[in-house]
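Scroll down for the structure; my scribbles are underneath it.
The values are calculated or read from the model by the stated rules, or taken from the named source; none is laboratory data. This is a predicted model, so every value here is computed, not measured. Neighbour counts are summed over all protein chains in view; Cβ atoms, including those assigned to glycine, are modelled from backbone coordinates with ideal geometry. Protein only, heavy atoms only, side chains kept; ligands, DNA and RNA dropped before computing areas. Shrake-Rupley method; radii C 1.70, N 1.55, O 1.52, S 1.80 Å.
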Amino acid sequence: MRNFITILCLFLGIYANGQNLNKYPVNVAKSAPAFIKFKERIKTAEFSTPTAYDNYKIRVRNDDNTLIIQYTGTAGVGTDEGLTITEGNRSHFIIVSFLKDYDINKHAQLYYALDDLKALKNIVSEQLKLANASTEEVKEIQEKKQQDEEAERKKILAAAEQERIAKEADKKRKLEAESKAQVLKEQQEKEALAKAEKEKIAIEKETLALEKENKRLEKEKEAALKKENDIKIEQERIAKLKEAQQKKRDEEMAAKAEKQRKALEERNKRLEKEKELAATKENELKIAQERAAFEKAEKKRKQQEEADRIAQEKAEATRIAKEKKDAEDARKKLAAIEAEKERLEKLRIEKEKRDAENKARLAAIQAEKERLEILRKQKEEENKYNEIGLWNRYGKLGINVYAIPEKQINWVNADFYLDTDTLNNYQTSAEVLAKPDKKIKAQYGPFKNNVNIELKDIYFKGAFTYYKLKINNPTDEDFLTGAVVANVYDSSKQHKLQLKVSYFTYISAYPIIKPKTERYVVMVTRTPSIENTDDVVLLINERREERGSAYALIDGETFNNAMGGIEQKMPKKVEKMAAQEAEKSDKNEKPKKRKK
């Protein structure tokens, strides 16, 4: 104690500097180290007495200029100890006190931010006002300040809890209303699809009717073509018949002309003969008689020829009239057939046009149906994970995926609700997620359905520990991330400490890991004081209790190595002081000689 007072007096003059702390109180607990962050690199950190090293361990983390003071005593008690620290060009004298009843999940963090030089100067100014106060008085003032801060934190926590409950109730009402609107919209879309299907069926029926009509028209066209062909055959037959008749008439006329020629020759011969006979008188009468007979026969012949001519002309006129009539009938038939062909062709063109229109309409309807089906599937998939879809799939079953899991309410500390802490932890978690994965030694236990977790990094900042976890969902179902927590177990596997959560990635809506996907999350707790023989177990639950939980186990040595920092051993001058104290103690304990 005398050494402590001597060193304390020695430093009173040194701390006249406006940025050097004097008797600055720092608290340490069994469950939680104290973290002091400085502006510049820490050069030295030494306790004033050797006994301090029996209860406390000092570690310096140079990457972020942080001093870590960890309680290592076993009795659960500790005395106030002086600690001298030099960082940059500044020197500080700190009073380290042990908090016996400190709760890492309930009380304020044991974190002291001294890296802001302006704020540091203000602290020094406040200390100067208390220059005449005793250490106990300073402690009382500090405790009162901490109590006030704790009361304010509780007030903020209560307000945050009320706000959370109100938001969840409002969200539930909103989702119920949106769910009804979504159901109505989906019904309208179904009706639109049904209408399109009905129109498609009507067009298909019309197309079948047109095909039937087309077959009928094709048959009629074939019949008309056959009829036209029959008429052409008949016309050819008539033409051949006319040709034969004309040939026959020509042959008859030729025969008749030949006959007349022969008769004329016969007459001429007879006339010659008559002339010869006329030479003799006795033949004159005979000649006159023969001439009279010939003239009579010639007259009769001419009459017969005239009658034949008239009959033939009459027959020819009848034939010509019949042929004209037949030709006119054939012309009319051909005209009718041609008109029918034109009508059928017109119908065919109209049908083809209607077929093309129907095909285009059917193609458009089919394309629209396919588009709507693709959109429906896309929307169905999207709707599964929008607010209404999640409400319909889970909310109606009593699982509100937008609310903090029910168990989590009991597994969070005040940091979870404080805006400042949440913002800082959000930003740091984003940085941790962006860092490359690390190979962390850990043991794992998967969920019942083989969803598993892997620890990919442990990161320390301030008084917080950030656990980067990868959740892999190889199943065909959603994984609903539930409540998370950390527990510490001692070497005999007995529960030692629960670490409530200060922050969890996607704090407003715990993540849903879709089937056949994986996702990274960051779980944040306050940094505990861990022995190398301890185990830290990270527990992640599924929202649905029957799905169980998974864990990642980190041994204490791995945890402490990840936290980093160089342990500050007892300096030689303090070792010498300890040796002197031990020697003096030994002398005092020697038995005195009895006087005779």
**Study point:** Check on Val522, buried (at least 22 other Cβ atoms within 10 Å of the Cβ), on the phi < 0 side of the Ramachandran plot and part of a strand (DSSP E or B)
**Key:** yes
Practice item. Could you list, in sequence order, all residues of the range 61-86 that are under 18 Å from Asp116 (Cα atoms) and without any contact (Cβ under 8 Å) to a residue 60 or more places away in the chain? Key: Asn65, Leu67, Ile85, Thr86
Revision key, fill the gap. Of the candidates Lys351, Lys439, Lys407, Lys448, the one satisfying the condition of being part of a loop (DSSP other than H, G, I, E, B), of a type in the set (D, E, K, R) and either under 30 Å from Ala108 (Cβ atoms) or in contact (Cβ under 8 Å) with a residue 60 or more places away in the chain (or both) is Lys448
Review point. So which of Ile69, Ile85, Ile95 ends up being among the β-branched types (Val, Ile, Thr), crowded, with 20+ Cβ neighbours inside 10 Å and out of contact with any Lys or Arg (no Cβ under 8 Å at 6 or more places or on another chain)?
Key: Ile85
Review point. For the range 393-402, which residues satisfy the criterion of being at pLDDT 85 or above and surrounded by 17 or more Cβ atoms within 10 Å (Cβ to Cβ)?
Key: Tyr394, Gly395, Ile399, Asn400, Val401
Review point. Looking at the range 509-519, is at least one residue on the phi < 0 side of the Ramachandran plot, within 36 Å of the chain's Cα centre (by Cα), assigned to a loop (DSSP other than H, G, I, E, B) and among the hydroxyl-bearing types (Ser, Thr, Tyr)?
Key: yes
Exercise for review: Please tell me if Ile530 is modelled with pLDDT under 95, part of a loop (DSSP other than H, G, I, E, B), of a type in the set (A, V, I, L, M, F, W, C) and over 22 Å from Tyr56 (Cα atoms).
Suggested key: no
Review point. Which of the residues that make up the range 378-396 are charged (D, E, K, R) and over 11 Å from the mean Cα position of the chain (by Cα)?
Key: Glu387, Arg393, Lys396
Practice item. Specify which of the listed residues (Ala288, Ala315, Ala257) is modelled with pLDDT of 80 or more and either in a helix (DSSP H, G or I) or closer than 30 Å to Lys232 by Cα (or both). Key: Ala315
Review point. Somewhere in the range 58-72, is a residue over 25 Å from Ala562 (Cβ atoms) and not in a strand (DSSP E or B)?
Key: no
Practice item. Select from the range 193-226 the residues that are touching a residue at least 12 places away in the same chain (Cβ under 8 Å), farther than 20 Å from Arg348 by Cα and open to solvent by 60 Å² or more (accessible area, probe 1.4 Å) and list them in ascending order. Key: Glu197, Glu199
Review point. Any residue in the range 342-363 that is over 60 Å from the mean Cα position of the chain (by Cα) and open to solvent by 70 Å² or more (accessible area, probe 1.4 Å)?
Key: no
Review point. List pairs: first in the range 87-103 and over 15 Å from Ala34 (Cβ atoms) and modelled with pLDDT under 95, second part of a strand (DSSP E or B) and small (Gly, Ala, Ser), Cβ under 8 Å, 6+ apart or cross-chain?
Key: Phe93/Gly82
Point to revise | Subset tally (residues that are within 20 Å of Ile409 (Cβ to Cβ) and open to solvent by 10 Å² or more (accessible area, probe 1.4 Å)) for the range 527-541 | key: 2
**Study point:** Single match in Lys379, Lys324 (criterion: free of Cβ contacts under 8 Å to residues at least 24 places away in the same chain, charged (D, E, K, R) and open to solvent by 100 Å² or more (accessible area, probe 1.4 Å))
**Key:** Lys324
Check your understanding: So is Glu252 under 30 Å from Ala327 (Cα atoms) and either modelled with pLDDT of 80 or more or not aliphatic (A, V, I, L, M) (or both) or not?
Key -> yes
